[in-house]
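Here's the structure we're looking at; comments come further down.
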Amino acid sequence: MKVLVVGSGGREHALCWKLAASPRVEKVYVAPGNAGCEAVAERVDIKANQIEPLAGFVIAKEIDLTVIGPEVTLCDGLVDRLARLGRKAFGPGKDSARLEGSKSYAKALCRQHNIPTPDFKVFKDRESLERYLERAGGRYPLVLKADGLAAGKGVAICHNDEEVDEHLTACFDRHAFGAAGETVLVEDFVKGIEVSVLVITDGQTLAVLPPARDYKAAREGNEGPNTGGMGAVSPAPIDPKVMARIEEKILVPTVHAMAVEGHPYAGTLYAGLMLTPAGPRVLEYNVRFGDPETQPTLARLKSDLFELLWAATNGELDQVEIEWDPRPAVTVVLTSGGYPGKYPKGFPITGVDLAERDPNVIVFHSGTERRGGRLLTAGGRVLGVTALGDTIADARRAAYAAVDKIKFEGMVYRKDIAAELE
Ligand code: GLY
């Protein structure tokens, strides 16, 4: 089988690595990928938002399965485009991808189908939103969410009028999120423990993946601005009874609701949840694998990833058993100095081979390029150093020992990934 992976991050490197290990896969292509993917896949110079060129490539190379990493490719309808061309792709079609592409759609679905989620209101202009807040009278904190895809920057937890003003100005006046910010949701703030739970589904059967924890804040102690993710651990400790409740009250009803609404959902469904004293609440859905969570998760997957994704694409997920390495895995993300703000690129990276001498370590690349034989930084998140260990403490030790061997100018990373779980 020939597989195309779409995207260029650590998630896509991990997907390429695992798919290339399948005896059923003869060739993996990645569009556009990164320097790390080159060891297991052939890179194709097409970006994740270039739907027609991607579709043309799939036809020209007779790709059997396209596996899509980023939400933008799903929301722009590559899966539907390929289906019309008679080609299989893992992931939801454009209408189903609205679960991530439109927060108001996702929240309305929850309300309609009794899926627990914090209360919310939707506004299409600043004046009516401000009038509503005035009437409601200073209920801080509250959450403001740009409706559409905003690269993780569209959500603000506001503690006072100034923070509300700042986010509304970004959305409605500065148009910082383009059309994505022209509709804004006001959502109740709920307290609890935040967890990400992912399932792979063919629309009927759900394969719940081990819960992972993602460390989004830039600095130790969960301080500093939000990033795409500075590290992750799999599995995250969630009481099996709570997981059963999440499956029963949220995951199964969501997949069922999508079918009832006429948008059957197949692919990865990622529920961002708050575990509150009153039970789990949906904060958001993503329609793709998380990054970096996919890195420790796939490091632990013993089964054949191609078999799993192929079965989910073909409505045969009930015929697949998934086996996991019982050992935990920890990923530490190495970033360029300045990330998530502006950062310089093009610095040489050394020590990746040394780091990977430990058989329990794999270094997934995110923002890297190879020029003139040298590995260079090419993004905010540069590498995801992933290690397995008998315990979380062992996995952390191996990951940080590997990190110590890698050098590039301005390298920044968090030293407390999974530390609270030791
Ligand atoms: N790590 C968060 C995300 O993938 O959205």
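Within the accessible surface of the chain, defined with a 1.4 Å probe on protein heavy atoms only, the carbon and sulfur portion equals 48 percent. Here's the picture: charge each Lys and Arg Cβ at +1 and each Asp and Glu Cβ at -1 in the chain, and of L273, H167, A39 the one pushed furthest to the positive end of that dipole is A39.
Would you mind getting the accessible area per residue of segment 57-96, heavy atoms of the protein chains only, 1.4 Å probe, in Å²?
Per residue, segment 57-96 has an accessible area of 38 Å².
Considering helices alone, the calculated mean residue ellipticity of the chain at 222 nm is -7500 deg cm²/dmol, with DSSP H runs of length four and up weighted by -39500 (n - 2.57) and normalised per residue.
Checking the a/c ratio against 1.5 first, then a/b against b/c, what shape does the Cα gyration tensor give for the chain? The shape class here is rounded. Residue separation of K153 and E52 scaled by 0.36 nm, minus their Cα-Cα distance, works out to 33.6 nm of gained length.
Need the full-extension length gain, T276 to E127, defined as separation in residues times 0.36 nm minus the C-alpha distance. One decimal, nm.
50.4 nm
Proximity of backbone amide H atoms, modeled 1.01 Å from N, is registered between A266 and G93 at under 5 Å, excluding neighbours fewer than 5 places apart on the same chain. Within a straight-line Cα-Cα reach of under 19 Å, K61 can be paired with the following aspartates and glutamates, leaving aside sequence neighbours fewer than 8 residues apart in one chain: E26, E38, E42, D45, E52, D80. Near the amide H of G33, within less than 5 Å, lie the amide hydrogens of G7, S8, all on another chain or at least 5 residues away, with H placed in the peptide plane.
Once both labels are positioned 7 Å from their Cα atoms along Cα-to-Cβ, the gap between E247 and A176 label points is 4.0 nm. Per residue, segment 306-372 exposes 50 Å² of accessible surface when a 1.4 Å probe is rolled over the protein heavy atoms with every protein chain present. Legend: distances between Cα atoms for K27/K88; K88/K153; K121/K249; K103/K216; K103/K124; pairs beyond 25 Å are K88/K153.
Which residues' amide hydrogens lie under 5 Å from the amide hydrogen of F90, considering only partners 5 or more residues apart or on another chain, with H built in the peptide plane? Result for F90 returns T66, V67, I68. Each residue of segment 413-418 was assigned a 3J(HN,Hα) from its phi angle through the Karplus expression (A = 6.51, B = -1.76, C = 1.60, θ = phi - 60°), giving 8, 8, 9, 10, 5, 6 Hz with x at Gly and Pro. The distance from the alpha carbon centre of segment 42-117 to that of segment 226-276 is 19 Å, rounded to a whole number.
Rounded to the nearest 0.05, what FRET efficiency do A39 and A259 give with R0 = 51 Å and r taken as the Cβ-Cβ distance? Could you check? Efficiency, from the Cβ-Cβ distance: 0.80. Under the shape rule built on the C-alpha gyration tensor, where the axes satisfy a ≥ b ≥ c, segment 338-422 is oblate, since a/c reaches at least 1.5 while a/b does not exceed b/c. Peptides 235-248, 279-292 ranked from most to least packed give 279-292, 235-248, packing being the mean of other C-beta atoms within 10 angstrom over each peptide's residues.
The values are calculated or read from the model by the stated rules, or taken from the named source; none is laboratory data. Everything quoted here is computed from the prediction, not taken from an experiment. Every residue, glycine among them, receives a Cβ derived from its backbone with ideal geometry; neighbour counts consider all protein chains shown. Only protein heavy atoms, including side chains, enter the accessible area calculation; ligands, DNA and RNA are left aside. Shrake-Rupley method; radii C 1.70, N 1.55, O 1.52, S 1.80 Å.
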